[in-house]
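The values are calculated or read from the model by the stated rules, or taken from the named source; none is laboratory data. Nothing here was measured: the structure is a model prediction, and the numbers come from that model. Neighbour counts are summed over all protein chains in view; Cβ atoms, including those assigned to glycine, are modelled from backbone coordinates with ideal geometry. Side chains included, ligands, DNA and RNA excluded: accessible areas come from the protein's heavy atoms. Shrake-Rupley method; radii C 1.70, N 1.55, O 1.52, S 1.80 Å.
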Amino acid sequence: MLDAAPTQQAANWLRSLSAALEARDPDAAAALFLDTCYWRDLLSFTWNIKTMEGRAAVRAMLAATLVQTRPHSWRLEGDAESAEGVVEAHFSFETQVAHGKGVLRLRDGRCHTLFTMTTDLKGHEEKTGRTRELGVRHKADPSRETWSEARAREQATLGHTEEPYCLIIGGGQGGIALGARLKQLGVPTIIVEKNARAGDSWRNRYRTLVLHDPVWYDHLPYIPFPAHWPVFTPKDKMGDWLEMYAKVMELNYWDSTSCVSAAYDDTEKVWTVELERAGERIVVKPRQLVFATGAYGPPRRIALAGAERFKGQVLHSSDYAGGTPFKGRKCAVIGAASSGHDVCVDLWESGAEVTMVQRSPTTVVKSDTMMEMAFDIYSEDALDRGMTTEAADMLVASTPFALLPESQKALWDEIRQRDAAFYDRLAATGFAIDFGEDETGLMMKAYRTGSGYYIDVGASDLIIDGEIGIRSGKQIKALSENGILFEDGEELAADAIILCTGYHSMHETVAQIVSREVADSIGPCWGLGSGVKNDPGPWQGELRNMWKPTPQEALWFHGGNLALSRFYSKIVALQIKARMEGIDTPVYRDPA
């Protein structure tokens, strides 16, 4: 099976896999994999987001899905590459109902990791390029309907005389990206957003907020940022982009609309959703309901003993709009992750006296270092090498979560060595630094708990220079009339306390809108179940409940940063489209 050329090795292996699958022989197919192997599938075989770990799991999945899936037409795409004994190749394939793409990695002639992903549903492909809509009928017609007339008719009927097939709760980046995907697939969809304008979820934040991720990582589907766009996007500029995007993509976007309640009829297979829009109660009956309220749910407001005695103001970061009202005042910020740092900087720039109260260690990385070492495939240099955003997304998605800790630990060992002097100066202030329980750094914290990290865009120097005070490793006993009392007897004077204490899981939003019972049946969203503190288990090899079927039929979660919203919006949209078209979608889960 082994040939000298990597492309030939990959072609031979793919040919063997194709033969085994077409023969409906799970044993022969599984024999092509190493004992320790991973197959990550996005819909193609499992109608799920699922990673099979180990040869036995691969065999079990194939035994359950091959007859339904009927995979065929496996073809290499381009040349394979070889590095450090690993042959990597991209390929395309088909199933009975879909087209797909994938990435394979071989060691010693057998598969170590395989990635398969549905890209289009047969007969329901997006109309793009050569298949795009003509946009006009070149024929005189007294009953002609112009584009603006058709658009006005759609807006007047959908949700009133015609039911949407899908309702998306949340009109931020996630809801807008998913709405655009569904629009291109012809799925009648309404996005509801409580704010007055698309983009207000960004505009309403504190004035100095800027995206910490670079522009190459943050494109939305279909319309990338233009070449002149800044590397780091200011929040109001991001808000304007989202508002423009929603309009240009012709989304049915209901602003100033709150979701009051939702209930699912198991018999009729339909949701009854009560909305409040501009003081009017409206009931819609979608078949699919998506929660796109960000990566998280309601704000996490910690209880502070003695709060009734405190003479100052206490507010959560979600209610913090800017530091101007706090000029000349003493402010304590409880929390030392991204929001805590950003709020401290905003307060300092506004002329407040700021102290950060750090309750647990934080993973910190300099922005320049992060850009150079962790975003190498999302950069101008990457584009010069031919690494498009789509190609970069495929590479990221093709790596099983189980293999990330090893590579991330190596990366963060290098980062710590490179910026050792910076970390020494920061630690000397009393600021507690860690790199995760297993030293795997920021990305693994993001996936596991979504908390506990900061990309340094200025706050660390203020801490080092003493401009932002630090109280770390001290337990809060209670609030006094004039500030915070710590267990060691110290009292920190404060006129205002800002809680940068994070957010609950998105399933808590379901509890508020649907029911506590449904929320509990679904369980927490996000997290890998890695065993580290605050990472909900057990291990599933994937993020819990995100972008895939949940225990509640016809209820979905979509969220994450701009990059995750861009990529997984397609996966969610394809699942919803398949159900609208009556395509059989048997969801494969663990046999147990």
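Note down all Cβ pairs under 6 Å where the first residue falls in the range 179-191 and is closer than 13 Å to Lys127 by Cβ, the second is assigned to a loop (DSSP other than H, G, I, E, B) and polar (S, T, N, Q), and they're at least six residues apart or on different chains.
Here the result reads none, with nothing in the range 179-191 linked to a residue that is assigned to a loop (DSSP other than H, G, I, E, B) and polar (S, T, N, Q).
Which pairs have Cβ atoms under 8 Å, sit 6 or more apart or on different chains, and link a residue in the range 233-247 that is within 18 Å of Lys183 (Cα to Cα) to one that is of a type in the set (A, V, I, L, M, F, W, C) and open to solvent by 30 Å² or more (accessible area, probe 1.4 Å)?
Leu242/Trp202; Tyr245/Ile223
Consider the range 245-290. How many of its residues are assigned to a strand (DSSP E or B), within 24 Å of Arg151 (Cα to Cα), hydroxyl-bearing (Ser, Thr, Tyr) and open to solvent by 30 Å² or more (accessible area, probe 1.4 Å)?
Qualifying residue count, the range 245-290: 2.
Out of everything in the range 316-337 that is modelled with pLDDT of 95 or more and charged (D, E, K, R), what residue ends up being surrounded by the fewest Cβ atoms within 10 Å (Cβ to Cβ)?
Within the range 316-337, the match that is surrounded by the fewest Cβ atoms within 10 Å (Cβ to Cβ) is Lys327.
Could you say whether any residue in the range 34-43 is out of contact with any strand residue (DSSP E or B) (no Cβ under 7 Å at 6 or more places or on another chain) and in a strand (DSSP E or B)?
Restricting attention to the range 34-43, the residues satisfying the condition of being out of contact with any strand residue (DSSP E or B) (no Cβ under 7 Å at 6 or more places or on another chain) are 35-36.
With the extra rule that they be in a strand (DSSP E or B), the set shrinks to 35-36.
Yes, some residue in the range 34-43 is out of contact with any strand residue (DSSP E or B) (no Cβ under 7 Å at 6 or more places or on another chain) and in a strand (DSSP E or B).
Kindly indicate whether Arg544 is open to solvent by 20 Å² or more (accessible area, probe 1.4 Å) and over 30 Å from Thr113 (Cβ atoms).
Answer is no for this residue.
Answer yes if at least one residue in the range 419-428 is of a type in the set (Gly, Ala, Ser), in contact with a Ser or Thr (Cβ under 8 Å, 6 or more places away or on another chain) and either at pLDDT 95 or above or open to solvent by less than 20 Å² (accessible area, probe 1.4 Å) (or both), and no otherwise. Break it down stepwise before answering.
Applying the first criterion (of a type in the set (Gly, Ala, Ser)) to the range 419-428 yields 420-421, 427-428.
Then drop every residue that is not in contact with a Ser or Thr (Cβ under 8 Å, 6 or more places away or on another chain), which leaves none.
No, because not a single residue in the range 419-428 is of a type in the set (Gly, Ala, Ser), in contact with a Ser or Thr (Cβ under 8 Å, 6 or more places away or on another chain) and either at pLDDT 95 or above or open to solvent by less than 20 Å² (accessible area, probe 1.4 Å) (or both).
Could you tell me which numbered condition Arg203 fails, if it satisfies all but one of (1) modelled with pLDDT under 95; (2) under 18 Å from His558 (Cβ atoms); (3) open to solvent by less than 40 Å² (accessible area, probe 1.4 Å)?
Of (1) modelled with pLDDT under 95; (2) under 18 Å from His558 (Cβ atoms); (3) open to solvent by less than 40 Å² (accessible area, probe 1.4 Å), only one is false for Arg203: (2).
Going through Val248, Val231, Val290, Val215 one at a time, which residue ends up being in contact with a Cys (Cβ under 8 Å, 6 or more places away or on another chain) and under 25 Å from Ser565 (Cα atoms)?
Values: Val248 fails: in contact with a Cys (Cβ under 8 Å, 6 or more places away or on another chain); Val231 fails: in contact with a Cys (Cβ under 8 Å, 6 or more places away or on another chain); Val215 fails: in contact with a Cys (Cβ under 8 Å, 6 or more places away or on another chain).
Of the residues listed, the single one that is in contact with a Cys (Cβ under 8 Å, 6 or more places away or on another chain) and under 25 Å from Ser565 (Cα atoms) is Val290.
Read through the list (1) open to solvent by less than 20 Å² (accessible area, probe 1.4 Å); (2) within 31 Å of the chain's Cα centre (by Cα), then give the number of the only condition that Ala20 fails.
All conditions pass for Ala20, except number (2).
Is there a residue in the range 444-459 that is more than 22 Å from Thr501 (Cα to Cα), touching a helix residue (DSSP H, G or I) at 6+ places or on another chain (Cβ under 6 Å) and open to solvent by 20 Å² or more (accessible area, probe 1.4 Å)?
Of the residues in the range 444-459, the ones more than 22 Å from Thr501 (Cα to Cα) are none.
Within the range 444-459, not a single residue is more than 22 Å from Thr501 (Cα to Cα), touching a helix residue (DSSP H, G or I) at 6+ places or on another chain (Cβ under 6 Å) and open to solvent by 20 Å² or more (accessible area, probe 1.4 Å).
Filter the range 460-475 down to the residues that are at pLDDT below 95 and either crowded, with 19+ Cβ neighbours inside 10 Å or in contact with a Phe, Trp or Tyr (Cβ under 7 Å, 6 or more places away or on another chain) (or both), then identify the one that is farthest from Gly523 (Cα to Cα).
Step one: filter the range 460-475 for residues at pLDDT below 95, giving 473-475.
Now narrow it down to the ones that are either crowded, with 19+ Cβ neighbours inside 10 Å or in contact with a Phe, Trp or Tyr (Cβ under 7 Å, 6 or more places away or on another chain) (or both): 474-475.
Numbers: Lys474: 32, Gln475: 30 Å.
Applying the filter and picking the extreme gives Lys474.
Between residues in the range 47-60 that are under 27 Å from Asp120 (Cβ atoms) and charged (D, E, K, R) and residues that are part of a helix (DSSP H, G or I) and open to solvent by 10 Å² or more (accessible area, probe 1.4 Å), which pairs lie under 9 Å by C-beta distance while being six or more apart or on different chains?
Once the first residue is under 27 Å from Asp120 (Cβ atoms) and charged (D, E, K, R) and sits in the range 47-60, no partner that is part of a helix (DSSP H, G or I) and open to solvent by 10 Å² or more (accessible area, probe 1.4 Å) comes close enough.
For the range 388-403, give me the residue count where each residue is open to solvent by 40 Å² or more (accessible area, probe 1.4 Å) and either of a type outside the set (S, T, N, Q) or touching an Asp or Glu at 6+ places or on another chain (Cβ under 6 Å) (or both).
3
Gln358 is checked against (1) in contact with a Ser or Thr (Cβ under 6 Å, 6 or more places away or on another chain); (2) open to solvent by 20 Å² or more (accessible area, probe 1.4 Å) and fails just one. What number does that condition carry?
Result: Gln358 fails condition (2) only.
Which members of the range 121-132 meet the condition of being in contact with a helix residue (DSSP H, G or I) (Cβ under 8 Å, 6 or more places away or on another chain) and open to solvent by 20 Å² or more (accessible area, probe 1.4 Å)? Before the answer, list the steps.
Going through the range 121-132, the residues in contact with a helix residue (DSSP H, G or I) (Cβ under 8 Å, 6 or more places away or on another chain) turn out to be 121, 124-128.
Of everything in the range 121-132, those that are in contact with a helix residue (DSSP H, G or I) (Cβ under 8 Å, 6 or more places away or on another chain) and open to solvent by 20 Å² or more (accessible area, probe 1.4 Å) turn out to be His124, Glu125, Glu126, Lys127, Thr128.
Which residue is nearest to Glu542 (Cα to Cα), if the candidates are limited to the range 563-579 and must be open to solvent by 10 Å² or more (accessible area, probe 1.4 Å) and touching a helix residue (DSSP H, G or I) at 6+ places or on another chain (Cβ under 7 Å)?
Here the answer is Phe567.
Step by step: first the residues of the range 548-559, then only those that are in contact (Cβ under 8 Å) with a residue 60 or more places away in the chain and open to solvent by 10 Å² or more (accessible area, probe 1.4 Å), then the one that is farthest from Ser521 (Cα to Cα). Which residue is that? If you could, list the steps in order and put the result at the bottom.
Here is the first cut: in the range 548-559, the residues in contact (Cβ under 8 Å) with a residue 60 or more places away in the chain are 548-549, 552-559.
Those still in the list that are open to solvent by 10 Å² or more (accessible area, probe 1.4 Å) too: 548-549, 552-554.
On the way: Lys548: 15, Pro549: 13, Gln552: 7, Glu553: 11, Ala554: 14 Å.
Here the answer is Lys548.
Just wondering, is there one or more residues in the range 48-55 that are of a type in the set (Lys, Arg) and open to solvent by 70 Å² or more (accessible area, probe 1.4 Å)?
Going through the range 48-55, the residues of a type in the set (Lys, Arg) turn out to be 50, 55.
Those still in the list that are open to solvent by 70 Å² or more (accessible area, probe 1.4 Å) too: none.
No: the range 48-55 contains no residue that is of a type in the set (Lys, Arg) and open to solvent by 70 Å² or more (accessible area, probe 1.4 Å).
Could you say whether any residue in the range 32-42 is in contact (Cβ under 8 Å) with a residue 12 or more places away in the chain, aromatic (Phe, Trp, Tyr), in contact with a Ser or Thr (Cβ under 8 Å, 6 or more places away or on another chain) and buried (at least 23 other Cβ atoms within 10 Å of the Cβ)? Outline the logic, then answer.
Applying the first criterion (in contact (Cβ under 8 Å) with a residue 12 or more places away in the chain) to the range 32-42 yields 32-42.
Those left that are additionally aromatic (Phe, Trp, Tyr): 33, 38-39.
Then drop every residue that is not in contact with a Ser or Thr (Cβ under 8 Å, 6 or more places away or on another chain), which leaves 38-39.
Still in the running and buried (at least 23 other Cβ atoms within 10 Å of the Cβ): 38-39.
Yes, some residue in the range 32-42 is in contact (Cβ under 8 Å) with a residue 12 or more places away in the chain, aromatic (Phe, Trp, Tyr), in contact with a Ser or Thr (Cβ under 8 Å, 6 or more places away or on another chain) and buried (at least 23 other Cβ atoms within 10 Å of the Cβ).
Could you tell me which of the residues Gly340, Gly441 is open to solvent by less than 30 Å² (accessible area, probe 1.4 Å), of a type in the set (Gly, Ala, Ser) and touching a helix residue (DSSP H, G or I) at 6+ places or on another chain (Cβ under 7 Å)? Don't jump to the end; show me each part of the working.
Details: Gly340 fails: touching a helix residue (DSSP H, G or I) at 6+ places or on another chain (Cβ under 7 Å).
Going through Gly340, Gly441 in turn, just one is open to solvent by less than 30 Å² (accessible area, probe 1.4 Å), of a type in the set (Gly, Ala, Ser) and touching a helix residue (DSSP H, G or I) at 6+ places or on another chain (Cβ under 7 Å): Gly441.
Here is a check on your reading of the model: is Ala494 within 30 Å of Phe310 (Cβ to Cβ), touching a helix residue (DSSP H, G or I) at 6+ places or on another chain (Cβ under 6 Å) and either open to solvent by less than 50 Å² (accessible area, probe 1.4 Å) or hydroxyl-bearing (Ser, Thr, Tyr) (or both)? It would help to see each step written out before you state the result.
Working: within 30 Å of Phe310 (Cβ to Cβ): yes; touching a helix residue (DSSP H, G or I) at 6+ places or on another chain (Cβ under 6 Å): no; either open to solvent by less than 50 Å² (accessible area, probe 1.4 Å) or hydroxyl-bearing (Ser, Thr, Tyr) (or both): yes.
Criteria not met by Ala494.
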